[in-house]
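Enquirer: There's a structure below that I have some questions on.
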Amino acid sequence: MDLGLSGKKALVLGASRGLGAATAQALAAEGVTVFAAARNISALTQSEGIKPIQVDLADKQSIAALIDTIQAEGGVDILVNNGGGPKAGPAQGQPAGAWTGAFEVMALPFFAITDALIGGMIEKGWGRILTIGSSGIVQPIPNLGLSNGIRGAIAGWSKTLANEVAPHGITVNMVIPGRVATDRLQELDSGRAERTGASLEDVQAASRAEIPVGRYGRPDEFGAVVAFLASQQASYITGSIIRVDGGLIKGL
Ligand SMILES: NC(=O)c1ccc[n+]([C@@H]2O[C@H](COP(=O)([O-])OP(=O)(O)OC[C@H]3O[C@@H](n4cnc5c(N)ncnc54)[C@H](OP(=O)(O)O)[C@@H]3O)[C@@H](O)[C@H]2O)c1
């Protein structure tokens, strides 16, 4: 299926590895010029159609410089908000600084970059804003208090924005991974193995057993869904939270 994206421009944040890198590749394969942003620029894919840009989402000046660079390129049609996840830990007892620190690096950069780039989409009467979240938004994950809490706030922002810009031909959606095999998932599984004294293999086997599909997802399976949501065909999907979880979330 031709997704009708040839000639479009995208900014993908957190694109040096994992879900962001797979999303950048899926969009580039559709003929999109992709600005792929992350801190570790040497890890950014150098394939055709992908232009690496260095950014540190924890640094306001770096974010401002990224926005300037993208605006100098004439803006983008597609924005994929993505970045690192916070430290694992319970909801109880987190110091205020842990909450504000995680909010500043996980949520505020998405809000600021989206605000800066959405005006260009409104002018063109077309745009796609896709924010990568977590299954924890729908079914909070034990011991990921910061992630569950802050991503819930991002979900509220995304839905509110979707309503505001729908008349301008802009769709705004979240895509939520269950367990997709990336560095982040490996870190969380290793942390769990350390905490419980189980082997990494046992932790992974128990984790896979909770997923109806019976395995972790592949980053390319995730990237393909984001590319579809960016497509012309997905023009009537907005304000939604789309699961890519192999059935992990138990509720409807
Ligand atoms: N994989 C899963 O199954 C899963 C499940 C639920 C939620 N998630 C969430 O989905 C997001 C992406 O997941 P992932 O598995 O691909 O994570 P990942 O392997 O940790 O990759 C995170 C990406 O974000 C970039 N990044 C991190 N901190 C940054 C910063 N300060 N400035 C700029 N870029 C930054 C990293 O690049 P640099 O280090 O080069 O900057 C990397 O490209 C994460 O927030 C994760 O928590 C993932």
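The values are calculated or read from the model by the stated rules, or taken from the named source; none is laboratory data. It should be emphasised that the depicted structure is a prediction, and the values quoted were computed from it without experimental measurement. Positions of Cβ are backbone-derived with ideal geometry, glycine not excepted, and every protein chain shown enters the neighbour counts. These area figures cover heavy atoms from the full protein model, side chains too; ligands, DNA and RNA do not enter into them. Shrake-Rupley method; radii C 1.70, N 1.55, O 1.52, S 1.80 Å.
Enquirer: Within region 191-213, restricting attention to residues that are open to solvent by less than 40 Å² (accessible area, probe 1.4 Å) and either in a loop (DSSP other than H, G, I, E, B) or polar (S, T, N, Q) (or both), which residue is farthest from the ligand (Cβ to nearest atom)? Please lay out each step first, then the result.
Expert: First pass over region 191-213, keeping only residues open to solvent by less than 40 Å² (accessible area, probe 1.4 Å): 191, 193, 203-204, 207, 211.
Among the residues that remain, those that are also either in a loop (DSSP other than H, G, I, E, B) or polar (S, T, N, Q) (or both) are: 204, 207, 211.
Working: GLN204: 12, SER207: 10, ILE211: 11 Å.
Looking at the filtered set, the residue picked out is GLN204.
Enquirer: Now a separate question. Looking at region 19-48, I want the residues that are of a type in the set (Lys, Arg) and have a partner that is assigned to a loop (DSSP other than H, G, I, E, B) with Cβ atoms under 8 Å, at least 6 apart or on another chain. Which pairs are those?
Expert: Close Cβ pairs satisfying both conditions: ARG39/SER16; ARG39/VAL55; ARG39/ASP56.
Enquirer: Among (1) in a strand (DSSP E or B); (2) among the charged types (D, E, K, R); (3) under 21 Å from GLU187 (Cβ atoms), where does LYS51 come up short?
Expert: Tallying (1) in a strand (DSSP E or B); (2) among the charged types (D, E, K, R); (3) under 21 Å from GLU187 (Cβ atoms), LYS51 fails exactly one: (3).
Enquirer: Continuing with the same structure: Residue by residue through region 112-133, note down the ones that are in a helix (DSSP H, G or I) and either surrounded by fewer than 15 Cβ atoms within 10 Å (Cβ to Cβ) or more than 15 Å from the ligand (Cβ to nearest atom) (or both).
Expert: THR114, ASP115, ALA116, LEU117, ILE118, GLY119, GLY120, MET121, ILE122, GLU123, LYS124
Enquirer: To continue, here is another question. Any chance you could count how many residues in region 22-43 are buried (at least 24 other Cβ atoms within 10 Å of the Cβ) and in contact with a Ser or Thr (Cβ under 6 Å, 6 or more places away or on another chain)?
Expert: 1
Enquirer: Please give the number of the condition GLU187 fails out of (1) part of a helix (DSSP H, G or I); (2) closer than 21 Å to VAL138 by Cβ; (3) within 16 Å of the ligand (Cβ to nearest atom); (4) not small (Gly, Ala, Ser).
Expert: (2)
Enquirer: Restricting to region 4-17, give me the number of residues that are within 15 Å of GLN46 (Cα to Cα) and surrounded by fewer than 24 Cβ atoms within 10 Å (Cβ to Cβ).
Expert: 2
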